Amino acid sequence: MPSNNFLKLAYADVFPFAPEAEPKVQSSLDVEFKLKADFGSHICTNHFFEGIQTSFLLAEFSSALEISYEEPRRTFSFCFNFEGNVASRHCGQRYDLGKGYYNFFFDPDPAKAHYFNSGTSYNIFHMTIEAEKLLSLIGEGDPLYDRFADCILKENGIPGFRTSLPLTVQVKSIIQSIRFCPLKGAARRLFIESKVYELLALQIEVWQREYETSDFHQPAAKDVELMHAIREYLQLHFQDDLSLKAIGKEFGINECKLKSGFKAHFGRTVFGYIQELRMEFARQLLSQKSTTISLVADKLGYRNANHFSTAFKKYFGESPSNVRS
């Protein structure tokens, strides 16, 4: 999870248009916001339709950011990540989304957050659609309607796909045609809106396929409890020499179920999470001026300081010596 090293900001500090504010115009295109601040810069271009908002974000942040916001409307949120590694908090958990992948979430809890690493360029297409709008598009005759309507009525979160999906050529083509549409006026609005609905149609088709194969069903309560227990175990033992076999033996679960279950619940691999814990712990140690880089490397089990420094820079985008300075 994010540490105190993340610069914590409100959404309005980074994006002038806050998601909780209703757009003045129900249907408007190319609403652009730019930012230049000490912590980074971005250009965010938005399109608004009835019940739907899309955003293109091109950004580079010099500081690691935790951006919190309130979303009072019940919306399905889609994130298509073309560049950078972004994370979000949905359904009470943090989910990481790597370059070239996308996922979606429905989270009735209005409190949400996005996490961005420092020294990283981002190219993201984001889309939100109000829950009632999506249900009207699916229609009552589709099995998905009952599935989603039940979750919305009971305010149960839908934590997206168990494994983030790759950006296919077709998905990329649709998004790029929206981004670079050369038309103007009414023709531009109709074209972009049609492409947004085309993207939603593809998504509904994926949902239907996932639903039919049962991969989209909610996990059993006992599986949820088990994965949370494993995560707590890792938080206590991340400095140990861990293996999937040893962790599985500790909890009476085979390696395959451990790998797939942990990724499904928390959006990253077991060792990806262990790496996150170790790097965040290393950063905390390095903030203490009396702690040397060699000592931190030794505490985390690295063979030498160079190996640790390489891993640290790959994770945070800056060297351990920069953190100490």
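The values are calculated or read from the model by the stated rules, or taken from the named source; none is laboratory data. The structure presented is a predicted model; accordingly, all values stated were derived computationally and were not measured. Every residue, glycine among them, receives a Cβ derived from its backbone with ideal geometry; neighbour counts consider all protein chains shown. Calculation scope for accessible area: heavy atoms of the full protein, side chains included, ligands and nucleic acids excluded. Shrake-Rupley method; radii C 1.70, N 1.55, O 1.52, S 1.80 Å.
Can you run down the residue pairs with Cβ atoms below 9 Å, 6 or more apart or on separate chains, where the first is in segment 193-205 and under 16 Å from residue 166 (Cβ atoms) and the partner is outside any helix (DSSP H, G or I) and open to solvent by 30 Å² or more (accessible area, probe 1.4 Å)?
202/168
Within 30 Å of residue 207 (Cα to Cα), touching a Phe, Trp or Tyr at 6+ places or on another chain (Cβ under 8 Å) and at pLDDT 90 or above, is that true of residue 247?
Working: within 30 Å of residue 207 (Cα to Cα): no; touching a Phe, Trp or Tyr at 6+ places or on another chain (Cβ under 8 Å): yes; at pLDDT 90 or above: yes.
No: the conditions fail for residue 247.
Test of understanding: among 308, 316, which residue is touching a Phe, Trp or Tyr at 6+ places or on another chain (Cβ under 6 Å), surrounded by 16 or more Cβ atoms within 10 Å (Cβ to Cβ) and more than 30 Å from residue 225 (Cα to Cα)?
Working: 316 fails: touching a Phe, Trp or Tyr at 6+ places or on another chain (Cβ under 6 Å).
So the residue among 308, 316 that is touching a Phe, Trp or Tyr at 6+ places or on another chain (Cβ under 6 Å), surrounded by 16 or more Cβ atoms within 10 Å (Cβ to Cβ) and more than 30 Å from residue 225 (Cα to Cα) is 308.
Kindly indicate the residue of segment 283-296 that is out of contact with any Lys or Arg (no Cβ under 8 Å at 6 or more places or on another chain) and without any contact (Cβ under 8 Å) to a residue 60 or more places away in the chain and also nearest to residue 5 (Cα to Cα) among those meeting that condition.
Result: 288.
Pick out the one residue from 318, 232 that is out of contact with any strand residue (DSSP E or B) (no Cβ under 8 Å at 6 or more places or on another chain), under 21 Å from residue 86 (Cα atoms) and acidic (Asp, Glu).
Numbers: 232 fails: under 21 Å from residue 86 (Cα atoms).
Only one candidate passes the filter, namely 318.
Take the residues in segment 300-314 that are touching a Lys or Arg at 6+ places or on another chain (Cβ under 9 Å) and part of a helix (DSSP H, G or I); name whichever of them is nearest to residue 6 (Cα to Cα).
Step one: of segment 300-314, the residues touching a Lys or Arg at 6+ places or on another chain (Cβ under 9 Å) are 300-301, 311-312.
From the residues that got through so far, the ones that are part of a helix (DSSP H, G or I) too are 311-312.
Details: 311: 19, 312: 16 Å.
Applying the filter and picking the extreme gives 312.
Please list, ordered by first then second residue, the pairs with beta carbon atoms under 7 Å, 6 or more apart or interchain, first in segment 223-238 and more than 18 Å from residue 255 (Cβ to Cβ), second open to solvent by less than 40 Å² (accessible area, probe 1.4 Å) and among the hydrophobic types (A, V, I, L, M, F, W, C).
These pairs meet every condition: 235/277; 238/274; 238/277.
Being assigned to a loop (DSSP other than H, G, I, E, B), of a type outside the set (Lys, Arg), at pLDDT below 85 and over 18 Å from residue 315 (Cα atoms) is the filter here, so list the residues in segment 264-293 that pass it.
Result: 288, 290, 291.
What number of residues within segment 252-263 are surrounded by 15 or more Cβ atoms within 10 Å (Cβ to Cβ), hydrophobic (A, V, I, L, M, F, W, C) and assigned to a helix (DSSP H, G or I)?
Residues meeting the conditions: 2.
With the requirement that a residue be out of contact with any Asp or Glu (no Cβ under 6 Å at 6 or more places or on another chain), under 21 Å from residue 102 (Cβ atoms) and among the polar types (S, T, N, Q), what does segment 54-85 give you?
54, 55, 77, 81, 85
Residues checked against (1) outside any strand (DSSP E or B); (2) more than 20 Å from residue 265 (Cα to Cα); (3) at pLDDT 90 or above; (4) within 18 Å of the chain's Cα centre (by Cα):
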| site | (1), (2), (3), (4) |
| --- | --- |
| 26 | yes, yes, no, no |
| 48 | no, yes, yes, no |
| 55 | no, yes, yes, yes |
| 104 | no, no, no, yes |
| 123 | no, yes, yes, yes |
| 127 | no, yes, yes, yes |
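Right, residue 144: at pLDDT below 85 and more than 28 Å from residue 63 (Cα to Cα) or not?
Numbers: at pLDDT below 85: yes; more than 28 Å from residue 63 (Cα to Cα): yes.
So residue 144 fits the description; yes.
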